[in-house]
Amino acid sequence: MTKEIGPIEDLIKRLNRLPGIGSKTAQRLAYYIIGLDETEVRDLAEALISAKNNTVECSICMNYADSDPCEICSNKNRDDSIICVVESPKDVDAMERSLSFRGKYHVLHGVISPLKGKTPEDVTIKELIKRIEEGDIKEVIVATNPTVDGDATARYIKNILEDYDIIVSRIGYGLPVGGDLEYYDEITIQTAMENRRRLD
């Protein structure tokens, strides 16, 4: 007879499914949450439900936001002619913290990875091309992570944009190969943006 899973084990198991949360961390979080008073737990639960229900995907840049278009796409003081392409919404947050970019963004929601079965159709490249065809874009800065898949995605974007009269550049990396943009400090990101190079 299978033992029924208890509420603590169930919470640990669900937390363990979150990216970057190992079994030990899931256990610590679960016991921390159980130790909170009921009001704090309800506030946490309500914040999770509210974030899920009230977050939309911006129809322009594909970033997660609380409005469509998002605050960045709606900002008339930002440069519409430059698009910075990133892998995920958290990379937009990292770039914004660096204060090094005043253009607009495009979020791919992943990278091309043949080994993992991820094709160009699985990311938002079609939406990027549409923006370029409909807007007055002068430069696309590819800021995918310095990984094999990130580099392959950057090369693919460069190749499909060859027929457009725009500069395609790659964020400069004085950054560790294999790292994620979200973990870099503001100075490193700023330097990487300033040292971007044209993709040939």
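The values are calculated or read from the model by the stated rules, or taken from the named source; none is laboratory data. Predicted model only: the values in this text are computed from it and were never measured. Counting neighbours? That spans all protein chains shown, and the Cβs are built from the backbone with ideal geometry, glycine included. Heavy atoms of the whole protein, side chains included, go into the accessibility calculation; ligands, DNA and RNA do not. Shrake-Rupley method; radii C 1.70, N 1.55, O 1.52, S 1.80 Å.
Taking segment 1-86 and the helices (runs of 4 or more DSSP H) fully enclosed by it, the elements with 3 or more residues that are under 20 Å from the mean Cα position of the chain (by Cα) are at 38-54, 71-74. When Tyr164, Tyr156 are checked against the criterion of being assigned to a helix (DSSP H, G or I) and either within 17 Å of the chain's Cα centre (by Cα) or modelled with pLDDT under 95 (or both), a single residue qualifies: Tyr156.
Take the conditions under 22 Å from Thr153 (Cβ atoms), of a type in the set (A, V, I, L, M, F, W, C) and open to solvent by 20 Å² or more (accessible area, probe 1.4 Å) and apply them to Ile83. Does it pass? Criteria not met by Ile83.
Looking only at segment 94-150, filter to residues that are in a loop (DSSP other than H, G, I, E, B) and closer than 21 Å to Asp165 by Cβ; which one of those is nearest to the chain's Cα centre (by Cα)?
The extreme case among them is Gly103.
Of the residues examined, Cys84 is one that is touching a Lys or Arg at 6+ places or on another chain (Cβ under 8 Å) and within 26 Å of Val148 (Cβ to Cβ). Tell me, yes or no, whether segment 54-64 has at least one residue that is out of contact with any Lys or Arg (no Cβ under 7 Å at 6 or more places or on another chain), free of Cβ contacts under 8 Å to residues at least 12 places away in the same chain and not β-branched (Val, Ile, Thr). Looking for residues that are out of contact with any Lys or Arg (no Cβ under 7 Å at 6 or more places or on another chain), free of Cβ contacts under 8 Å to residues at least 12 places away in the same chain and not β-branched (Val, Ile, Thr), one finds at least one in segment 54-64, hence yes. Of all residues in segment 86-95, none are under 24 Å from Thr153 (Cβ atoms), loosely packed, with under 15 Cβ neighbours inside 10 Å, modelled with pLDDT of 95 or more and not aromatic (Phe, Trp, Tyr). The sole residue among Lys76, Lys90 that is within 28 Å of Asp149 (Cβ to Cβ) and of a type in the set (D, E, K, R) is Lys90. The single condition among (1) in contact with a helix residue (DSSP H, G or I) (Cβ under 7 Å, 6 or more places away or on another chain); (2) hydroxyl-bearing (Ser, Thr, Tyr); (3) open to solvent by less than 50 Å² (accessible area, probe 1.4 Å) that Tyr64 does not satisfy is (3). What number of residues within segment 29-61 satisfy the criterion of being closer than 28 Å to Lys130 by Cα, out of contact with any helix residue (DSSP H, G or I) (no Cβ under 7 Å at 6 or more places or on another chain) and open to solvent by less than 50 Å² (accessible area, probe 1.4 Å)? The number of residues fulfilling the criteria is 0.
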